[in-house]
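Take a look at the structure below.
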Amino acid sequence: MGDMSNSDFYAKNQRNEENHAAAFGCSVMELRSLMELRGPEAVVKLQEDYAGVEGLCKRLKTSPTEGFPGAQTDLDKRKEIFGKNLIPPKTPKTFLQLVWEALQDVTLIILEIAALISLGLSFYHPPGESNGESCGAAGSGVEDDGEADAGWIEGAAILLSVVCVVLVTAFNDWSKEKQFRGLQSRIEQEQKFQVVRGSQVIQLPVSDIVVGDIAQIKYGDLLPADGVLIQGNDLQIDESSLTGESDHVKKCVDKDPMLLSGTHVMEGSGRMVVTAVGVNSQTGIIFTLLGAGTEEEEKKEKKVKKQDGAAAMEMQPLKSAEGGESDEKEKKKRSGSKKEKSVLQGKLTKLAVQIGKAGLLMSAVTVIILVLYFCIDNFVMQKNPWMPECTPIYIQYFVKFFIIGVTVLVVAVPEGLPLAVTISLAYSVKKMMKDNNLVRHLDACETMGNATAICSDKTGTLTTNRMTAVQCYIGDVHYKGIPEPGALPPKSLELLVNSISINSAYTTKILPPDKEGGLPKQVGNKTECGLLGLVLDLKRDYQPIRNQIPEEKLYKVYTFNSVRKSMSTVIKLSDGSFRMYSKGASEIVLKKCSHILNEVGESRVFRPRDKDEMVKKVIEPMACEGLRTICVAYRNFSGDPEPSWDDESNILNDLTAICVVGIEDPVRPEVPDAIKRCQRAGITVRMVTGDNINTARAIAIKCGIIHPGEDFLCIDGKEFNRRIRNEKGEVEQERIDKVWPKLRVLARSSPTDKHTLVKGIIDSTTTDQRQVVAVTGDGTNDGPALKKADVGFAMGIAGTDVAKEASDIILTDDNFSSIVKAVMWGRNVYDSISKFLQFQLTVNVVAVIVAFTGACITQDSPLKAVQMLWVNLIMDTFASLALATEPPTEALLKRKPYGRNKPLISSTMTKNILGHGVYQLIIIFTLLFVGERIFDIDSGRNAPLHSPPSEHYTIIFNTFVMMQLFNEINARKIHGERNVFDGIFRNPIFCTIVFGTFAMQIVIVQLGGKPFSCQPLNLEKWMWCVFLGLGELVWGQVIASVPNSKLRFLRRAGQLTQKDESPEEDPNEDNEEIDHAERELRRGQILWFRGLNRIQTQIRVVNAFRSSLYEGLEKPDSRSSIHNFMTHPEFRIEDSTPNIPLIDDTDDDSARRMKYSSQPSSPNKNNNAIDSGINLTIDTSKSAASSGPASPLHSLETSL
């Protein structure tokens, strides 16, 4: 929106508003200003201007309970007046901008300049006819057969190929951007929200929410728009994303009813009326500020850079004071774009830089050798004088040498590496969509291939999340099935049905099945669905009870959270007394029960002895069958005096148990197999669940996570904490290291336990490789663990928005077997890159050596500039497409994961690269030096400038390309497999590219002519070229037969690259991957400020000393008052250089403290200038006389 002259925007709105003021009783701006208030102010404003929430709903033409009817015309009108719930995305880069960016490549720029010089010189004809003879050998053959007219072709061809490379790069970037946007919109469409329209509860995509909608909010939601609370139970919101305050804010209608978009519901539930959407919501306002702000920022920053550094630093704090919130977002946005560089990309970038440096060196040496050789040959050996009229010819030679040098460089620099990663990741992400993995961060896909541990939830991931009640204990009888309603005591039945119907979220329902004969649809919390199912099985209906006591009439609700592990609802009975219904994990609720209903529905005392018996006889047998046990209870309170509802420990106590229900959640049929595949692939699966330990163990055995007779740990949260914490209650890493390797099931765990476990495994140093941990989660409380893990999987169906926000990959079908697919794709990405590397490096090595040696021995590179560019195109772009899009196979899951610090180039790959390199070099040099005798043709060596292309060099070029083509097939296997054709037809892209390249090569050789320096070849010579190329496949088998153990030195080669490339990947690698240039700049600034700071300190100190030394020791009393201090000369400096908080202040300060160790540490830790000044001078007056080695003066001299 830029500045989109806000006034115009408002003016337009004003006009609209005047037209529609009649339609709705409030305008956008009024609502916006309302939403900016917080707490009591907001309540007052609501009362004064709108007569409370009901009044606001009236003005917005909506009903607090039923919503508005939702007719299309009404919706359109609301969207027109109040805006849509969309924040317009930044405009993507156009194709032309991408082309311009691709042109910024240094090597390409050098090539363009060289080509332009070559073009210019080819059109320049020196005066005088006799120049040919007079310039000696250099000039001979220049004017052969009117070839000079074709001199421009080479320059033009180079320019043309540069254009090709640029277009291909730009197109790749563009498609990547497009895919990424598609992905974003997919993620956005995934987020749905529950609203009430026309008294129906419907799920809407977030973008369809309009002002006036009544939204139902519950634990774990990410609020999609601003609104005012109509009714809430125990609602707590995490507003840290907007305010930075980490404490949860309690919301209630009479104290603080303002709900803001982008904040998380951490507890409770409620309903709100939407008052602002999209750009008018609080998050939207910040985003538009950012959008408008970034351009201004850039302008400002440019100005700031020009000013003196210190001044720039002074401006910093000001900005953050006002824009603290937006600054954080800004940082997040920036770091978001930076973080996309993964471990693999980090390794590759380093490798590319190293190869590039080597290439630069080679090309420089090539050019120098060629120039020297030419000069020595012409001016020293043949003693030709330098003639002015020959200068253009000499320059043409030099330009030709320069072009050869640049082409060596172009071939050496593997610009295809980053491209290959991008293509491979983008391709995988697209395909993973089909496998129900929605990837939110590209690098998660590749990290997943290295995963060594998966910590999975039980409910919904390993199980189907369709809860059904199968057993119950009621009226002192344990029923193994669901009993007939007649068999139960009527009182107990009545209480049970009421308790379940009222004490559950009213959003939880059981709907008729979608298709005939299907299972009924469960909506909302699945455990509650299981209980409601029990009510239906008892031939009762929960809906009439809910209609009789609607949500507004519930007196108090204690919602479920991970601490309580229970939920309770209080209702006011007709006689003024209260009744509380409670339900929750059986061992927790039974602890709080003092009575239980007997076989006739009367309550009797429930002693601790009875509890133990019940646990043994009822709860444990149920749990051992893998059932989740829920206890339902109630308690009556007198209405006078009213109990204090906030005193939870007393309220949730002294309950009367009604019944215990065993709920079954069957294991998903495909899970045991998926877990077996994980274990075979070297990945440990651990189950972390909130369920009872017996239930957890039973399910773990069914899934195959634990096998009877193995050595493993199954413990609950209490025991886990006892084992990992020391006496002070702190977590100790070495204690965790004793627990996690054997731990398979962690039951009754809290979110902190999950986070502690994940952190403990990641930080562990007991194994030689750092563990890479994937975590699945669906609840809000799983957020920290998902963030901490290397890869976080959130559930697409059952997951809350908070969990999805914290995750890297969303499982759209909530299924564990999709995680296995993600592992497969992740490993595939790594392998694709390795395949490409193996191919790329072989070509690089060969091409560079050939160009270099050829140039040194024969004055001319056997592979011409344009040919090199074509080879470069095959290597980089086409090969990265062909090899990066190999589909994954099951074989990938049969090996252990690579570690994080395994070198990119394994010993097998090194063997292949060197082996194929040797073969290709032998063939090419044989052709170069004795080729003319073998084929009985003219030699192409030592040809003069602008001579026509020779058959000899064409054969070399053609053979070279054929060998690359067949080696591309070899490169499909990197673990030394024999059958390189295995599954080749499953990858149509690969086949297309190989055949396409072959066809293009035929066209280039037969019709390329002068631009490609090619002479058409006859069939026999073509057969020879193809035959030599096929030799690659045979040679590949020979190389595969050489065992790696024989090649000791290769091991070292593989190791070496590791040391260079990935010095133990830093855990905060990701954040650190700032462009090097930027880092250099920053480092420069820091050093500059540090220097400034040091100098200031030193000047200050010196002056302090000088004053006290030269004035002699002053009497202590003359300096007693602060005022005297202030007027003292050494403070003049203090004032003129305000103590700007420099970047490096802390360590400077500590240095100062160390220098004056005898100085009392100042109470004012804020390093206030005055403070340190005072201490300084007191100190100096004491010790100025003694300048012994230990005195501050001595240390000062040394530091100066």
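The values are calculated or read from the model by the stated rules, or taken from the named source; none is laboratory data. This one's a predicted model, so the numbers in the text were calculated from it and none came from an experiment. Because the Cβ atoms are built from the backbone with ideal geometry, glycine has one as well, and the counts that use them run over all protein chains shown. To get the accessible areas, we keep the full protein, side chains included, count just its heavy atoms, and leave off ligands, DNA and RNA. Shrake-Rupley method; radii C 1.70, N 1.55, O 1.52, S 1.80 Å.
Given the conditions (1) open to solvent by less than 40 Å² (accessible area, probe 1.4 Å); (2) free of Cβ contacts under 8 Å to residues at least 60 places away in the same chain, report the number of the one that residue 78 does not fulfil.
Of everything listed in (1) open to solvent by less than 40 Å² (accessible area, probe 1.4 Å); (2) free of Cβ contacts under 8 Å to residues at least 60 places away in the same chain, residue 78 misses just condition (2).
For every residue, the table says whether it meets (1) over 30 Å from residue 426 (Cβ atoms); (2) open to solvent by less than 20 Å² (accessible area, probe 1.4 Å); (3) free of Cβ contacts under 8 Å to residues at least 24 places away in the same chain.
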site	(1), (2), (3)
747	yes, yes, no
751	yes, no, no
823	no, yes, no
839	no, yes, no
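Quickly run through the stretch 568-609 and pick out the residues that are β-branched (Val, Ile, Thr), surrounded by 14 or more Cβ atoms within 10 Å (Cβ to Cβ) and not in a strand (DSSP E or B).
Going through the stretch 568-609, the residues β-branched (Val, Ile, Thr) turn out to be 569-571, 588-589, 596, 600, 605.
Imposing the further condition that a residue be surrounded by 14 or more Cβ atoms within 10 Å (Cβ to Cβ) reduces the set to 569-571, 588-589, 596.
588, 589 - these are the residues of the stretch 568-609 that are β-branched (Val, Ile, Thr), surrounded by 14 or more Cβ atoms within 10 Å (Cβ to Cβ) and not in a strand (DSSP E or B).
Return yes when residue 635 is open to solvent by 10 Å² or more (accessible area, probe 1.4 Å), at pLDDT 90 or above and either among the acidic types (Asp, Glu) or touching a strand residue (DSSP E or B) at 6+ places or on another chain (Cβ under 8 Å) (or both) and no when it is not. Please lay out each step first, then the result.
Values: open to solvent by 10 Å² or more (accessible area, probe 1.4 Å): yes; at pLDDT 90 or above: yes; either among the acidic types (Asp, Glu) or touching a strand residue (DSSP E or B) at 6+ places or on another chain (Cβ under 8 Å) (or both): yes.
When the stated conditions are applied, residue 635 passes them.
With the requirement that a residue be open to solvent by 20 Å² or more (accessible area, probe 1.4 Å), of a type outside the set (Val, Ile, Thr) and over 41 Å from the mean Cα position of the chain (by Cα), what does the stretch 40-68 give you?
Matches in the stretch 40-68: 45, 47, 48, 49, 51, 54, 58, 59, 61, 63.
Search the stretch 790-821 for residues being in a loop (DSSP other than H, G, I, E, B) and within 23 Å of residue 703 (Cα to Cα), and hand back the single one that is most open to solvent (accessible area, probe 1.4 Å).
Of the stretch 790-821, the ones in a loop (DSSP other than H, G, I, E, B) are 790, 796-800, 807-808, 812-815.
Of the ones still in play, those that are also within 23 Å of residue 703 (Cα to Cα) are 796-799, 812-815.
Values: 796: 13, 797: 121, 798: 45, 799: 13, 812: 38, 813: 41, 814: 8, 815: 13 Å².
So the residue we want is 797.
Residues being over 30 Å from residue 535 (Cα atoms), touching a helix residue (DSSP H, G or I) at 6+ places or on another chain (Cβ under 6 Å), open to solvent by 10 Å² or more (accessible area, probe 1.4 Å) and not in a loop (DSSP other than H, G, I, E, B): count how many of those fall in the stretch 654-713.
Number of matching residues: 2.
Condition first: in a loop (DSSP other than H, G, I, E, B) and surrounded by 13 or more Cβ atoms within 10 Å (Cβ to Cβ). Now tell me which residues in the stretch 643-652 satisfy that. Working first, answer last.
Step one: of the stretch 643-652, the residues in a loop (DSSP other than H, G, I, E, B) are 643-647, 652.
Listed by number, the residues that qualify are 643, 645, 652.
What number of residues within the stretch 443-460 satisfy the criterion of being acidic (Asp, Glu) and open to solvent by 10 Å² or more (accessible area, probe 1.4 Å)?
Total satisfying the criteria: 2.
What are the pairs, 6+ residues apart or on separate chains, where a residue within the stretch 605-628 that is over 24 Å from residue 458 (Cα atoms) and free of Cβ contacts under 8 Å to residues at least 40 places away in the same chain has its Cβ under 9 Å from a residue that is open to solvent by 50 Å² or more (accessible area, probe 1.4 Å) and basic (Lys, Arg)?
611/591
Go through 362, 433 for me and flag whichever is in a helix (DSSP H, G or I), closer than 30 Å to residue 449 by Cβ and open to solvent by 30 Å² or more (accessible area, probe 1.4 Å).
On the way: 362 fails: closer than 30 Å to residue 449 by Cβ.
Answer to the selection: 433.
Inside the stretch 236-290, can you point out the residues that are hydroxyl-bearing (Ser, Thr, Tyr) and under 26 Å from the mean Cα position of the chain (by Cα)?
Step one: filter the stretch 236-290 for residues hydroxyl-bearing (Ser, Thr, Tyr), giving 240-241, 243, 246, 261, 263, 269, 275, 281, 283, 288.
Those that are hydroxyl-bearing (Ser, Thr, Tyr) and under 26 Å from the mean Cα position of the chain (by Cα): 240, 241, 243, 246, 261, 263, 283, 288.
Can you tell me which condition residue 929 does not meet? The list is (1) more than 25 Å from residue 1037 (Cβ to Cβ); (2) among the hydrophobic types (A, V, I, L, M, F, W, C); (3) touching a Lys or Arg at 6+ places or on another chain (Cβ under 7 Å), and all the others hold.
With (1) more than 25 Å from residue 1037 (Cβ to Cβ); (2) among the hydrophobic types (A, V, I, L, M, F, W, C); (3) touching a Lys or Arg at 6+ places or on another chain (Cβ under 7 Å) applied to residue 929, the lone miss is (3).
Tally time: how many residues in the stretch 81-102 are among the polar types (S, T, N, Q), assigned to a loop (DSSP other than H, G, I, E, B) and surrounded by fewer than 18 Cβ atoms within 10 Å (Cβ to Cβ)? Even if it seems obvious, please write down each step before you answer.
If we filter the stretch 81-102 for residues that are among the polar types (S, T, N, Q), which is where we start, we get 85, 91, 94, 97.
The next check asks that each one be assigned to a loop (DSSP other than H, G, I, E, B); those that pass are 85, 91, 94.
Imposing the further condition that a residue be surrounded by fewer than 18 Cβ atoms within 10 Å (Cβ to Cβ) reduces the set to 91, 94.
Total satisfying the criteria: 2.
I want to confirm something. Restricting to the stretch 866-895 and keeping residues that are at pLDDT below 75 and aliphatic (A, V, I, L, M), which single residue is surrounded by the most Cβ atoms within 10 Å (Cβ to Cβ)?
Among them, the one singled out is 875.
Out of 998, 981, I need the residue that is assigned to a loop (DSSP other than H, G, I, E, B), within 30 Å of residue 423 (Cα to Cα), open to solvent by 30 Å² or more (accessible area, probe 1.4 Å) and not charged (D, E, K, R). Which one? Steps first, answer last, please.
Numbers: 998 fails: assigned to a loop (DSSP other than H, G, I, E, B).
The unique qualifying residue is 981.
Is it the case, given these coordinates, that residue 404 is under 21 Å from residue 372 (Cβ atoms) and either assigned to a helix (DSSP H, G or I) or more than 19 Å from the chain's Cα centre (by Cα) (or both)? If you could, list the steps in order and put the result at the bottom.
On the way: under 21 Å from residue 372 (Cβ atoms): yes; either assigned to a helix (DSSP H, G or I) or more than 19 Å from the chain's Cα centre (by Cα) (or both): yes.
Against the criterion (under 21 Å from residue 372 (Cβ atoms) and either assigned to a helix (DSSP H, G or I) or more than 19 Å from the chain's Cα centre (by Cα) (or both)), residue 404 qualifies.
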